[in-house]
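Asks: This is the structure I have questions about; it appears just below.
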Amino acid sequence: MMLSRETGCDEYDLFGISGNPDPAHPMYGLYRFKTGFGGDIRHQLGCWDYPLTKESYESFRIAETVAVGYHG
């Protein structure tokens, strides 16, 4: 992020935050971290997968769920 700013980038998409800014919400820490940078909150559609072939996509989904760090 610092390199982006140094090279003139004035926008950085941190993707999603919880829609509930309640300190009791389990994702509040992530909300606080991301909003702590002082940017704007923009409500947009989420990310969607558009598979080209069913077989390849199924293989990808299976591999994704067993990957280290997956939080689906």
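All of the numbers you see were taken from the coordinates with simple rules; none came from a lab. Source: prediction; values computed, not measured. Glycine also receives a Cβ, built like all others from the backbone with ideal geometry; neighbour counts cover every protein chain displayed.
Asks: Using only Cα atoms and rounding to the nearest 10 degrees, what angle (0 to 90) does helix 54-66 make with the longest principal axis of the chain?
Replies: Approximately 60 degrees, to the nearest ten.
Asks: Given Cα pairs under 8 Å that are at least 6 residues apart, what percent is the relative contact order of the chain?
Replies: Result for the chain is 14 percent.
Asks: Restrict the search to the chain; then list the chymotrypsin sites (Phe, Trp or Tyr not before Pro) that DSSP places in a loop and that have at most 14 other Cβ atoms within 10 Å of their Cβ.
Replies: When the chymotrypsin sites (Phe, Trp or Tyr not before Pro) of the chain are filtered for loop state and at most 14 Cβ neighbours within 10 Å, 12, 15, 37, 48, 70 remain.
Asks: How big is the range 2-66 along each principal axis, measuring the range of its Cα positions in Å and listing the largest first?
Replies: 43, 38, 23
Asks: If you don't mind, another one. Testing the spin-label approximation: label points 7 Å from Cα along Cα→Cβ at residue 43 and residue 15. State their distance in nm.
Replies: 2.2
Asks: Let me ask something else. When the dipole is taken about the Cα centre of the chain, and only Lys, Arg (+1) and Asp, Glu (-1) are charged at their Cβ, what size is it in debye, to the nearest 20?
Replies: The dipole magnitude comes to about 180 debye.
Asks: Using θ = phi - 60° and the Karplus curve 6.51 cos²θ - 1.76 cosθ + 1.60, what whole-Hz ³J(HN,Hα) does each residue of the range 18-29 get, with Gly and Pro shown as x?
Replies: Each residue of the range 18-29 in turn: 5, x, 10, x, 7, x, 7, 5, x, 9, 4, x Hz.
Asks: Would you kindly derive the ³J(HN,Hα) couplings of the range 6-15 from the backbone phi angles with the Karplus curve 6.51 cos²θ - 1.76 cosθ + 1.60 (θ = phi - 60°), listing them in order in whole Hz, with x for Gly and Pro?
Replies: 4, 9, x, 6, 10, 9, 9, 8, 8, 6
Asks: Here is a follow-up. Kindly write out, for the range 30-43 in residue order, the coupling ³J(HN,Hα) from the Karplus curve 6.51 cos²θ - 1.76 cosθ + 1.60 (θ = phi - 60°), rounded to whole Hz, with x marking Gly and Pro.
Replies: Each residue's phi maps through the Karplus curve to give 5, 4, 5, 4, 5, 6, x, 7, x, x, 8, 8, 10, 8 Hz.
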